1. Going by alpha carbons, how many degrees (0 to 90, nearest 10) lie between the helix axis of 346-355 and the longest principal axis of the chain?
2. Viscosity 1.306 mPa s, temperature 10 °C: what is the translational diffusion coefficient of the stretch 21-224 from Stokes-Einstein with a Kirkwood Rh over Cα pairs, rounded to a whole number of µm²/s?
3. Once you place label points 7 Å from the Cα toward the Cβ at residue 406 and residue 141, how far apart are they in nm?
4. For the peptides 455-464, 178-187, what is the packing order when you average, over each peptide's residues, the other Cβ atoms within 10 Å and list the highest mean first?
5. Obtain the nm distance between the two label points defined at residue 345 and residue 266 by a simple spin-label model: each point lies 7 Å from its Cα along the Cα-to-C-beta direction.
6. When you have a sec, figure out the Kirkwood radius of the stretch 33-151 from all distinct Cα pair distances and drop it here in Å to one decimal?
7. Nearest 10 degrees, 0 to 90: what angle lies between the long axis of helix 171-185 and the longest principal axis of the chain (Cα atoms)?
8. Going by alpha carbons, how many degrees (0 to 90, nearest 10) lie between the helix axis of 485-497 and the longest principal axis of the chain?
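Readers should treat all values here as calculations from the given coordinates under stated rules, not as data from a laboratory. All values derive from a computational prediction rather than experimental measurement. Cβ sites come from the backbone with ideal geometry, for glycine too, and all protein chains shown count toward neighbours.
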Ligand SMILES: Nc1ncnc2c1ncn2[C@@H]1O[C@H](COP(=O)(O)OP(=O)(O)OP(=O)(O)O)[C@@H](O)[C@H]1O
Ligand SMILES: [Mg+2]
């Protein structure tokens, strides 16, 4: 055990919304007891500023820290920094090594000061240097750095886009940092292959560029943070991203191998919704997933995740793209194939798989069912209208401003009724969000329900009753604050085995 205690997951505070930006003044801890975040209106700059408050060191301590660091670099195996390992173990190692070096260097450092230095050693060796505090801030969704001497911007859950006081001031510093990111993702970046797409050990997604030629201000990076455990469907009700009936719809249709697409703009919440509704894929189903970079985090055992391998590090040899992965995934006989993001020729493999009975859920950049169909029919994807009939439903996520606050909403669930041979489509929209009242409405009878009834010979009343029961159960779970990953999973699994017991327990029958 390290002698200095770092609390890396302090309690998440609740932050009120501010009508008046100039009144913003919030402070919360991210690495207790050393680092807090201060977000406030800066009247000189006329904007909201995000400031990281780290321990203050005197010039002399700063010099000592640099000396300890460089000695440490000489003895520490560099791979050690990259591996996730056990955090406890790493901290302990740093603690012991630092104390040893301090005595070898002949420094006299009192304990309270040592604790501060220890924080910086943690930050620079185990953590992500200047942005470590940002990585530990629960409220941050994205971290964006556009180059040398450019303030880093973040996307904050409550305050949205804000400027930070953090920046990289030299080319060398930022280049080193981008190398560190590459090392942590286990991928490779160099002048010859200057683009990095990868996943950090905590699940966050990284994109980075390395040279001056492709981005004018030097290396850049963007980090999309992910919560360690994905949000549960019940938590999405809490965010008002959708309502219990919409969730119950997913729960129903995923039980019957329905083909879904989740669409929306950038950062509209597609992956988050996909992760959450994956709770409803029956637990005995075999799921195979395919992604460019690892983002999915599915709540299940019977899951085979795969990630595209770029051939850059090997000079093109051994490259495995989505197309190849998808083809081989069908040989693994999955019940559900999940495709992170459909862009090109892999779409034809996906739709052929769907046509031959392998259900799928995928995401696509589009803003309505009409655009989805158009994009799939036109180059580069160019699917035949016939094949498009395998797609059952499209869920459209959207950014929305509600009462002056940025939010995400499931704008509609639309269904493909028929794609005709001339490419035109008949669609049906059972659920839609009304922006004027910020409420969700059940608009039309579901066409997918009808298909399920016919295919599986289920009586209309029985299917509707089942849908109603699940809707009620989800609302009650929300009211009773059954939100956590494990609790929600338990109820859903139990329901699939013995629905009456669960309905009875929650007073539904
Ligand atoms: N319903 C929601 N309410 C609040 N925040 C959300 C919601 N859904 C997603 N987010 C947050 O928004 C950010 C983007 O979400 P996500 O990665 O799911 O979007 P995406 O559409 O898949 O983005 P991309 O197009 O980049 O793949 C994440 O930080 C996530 O935590
Ligand atoms: Mg995504």
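1. 40
2. D = 87 µm²/s.
3. In this crude spin-label approximation the distance works out to 0.5 nm.
4. Going from most to least packed, we get 178-187, 455-464.
5. Calculated label separation equals 2.7 nm.
6. 16.2
7. Once rounded, one gets 50 degrees.
8. Tilt relative to the chain: about 20 degrees.
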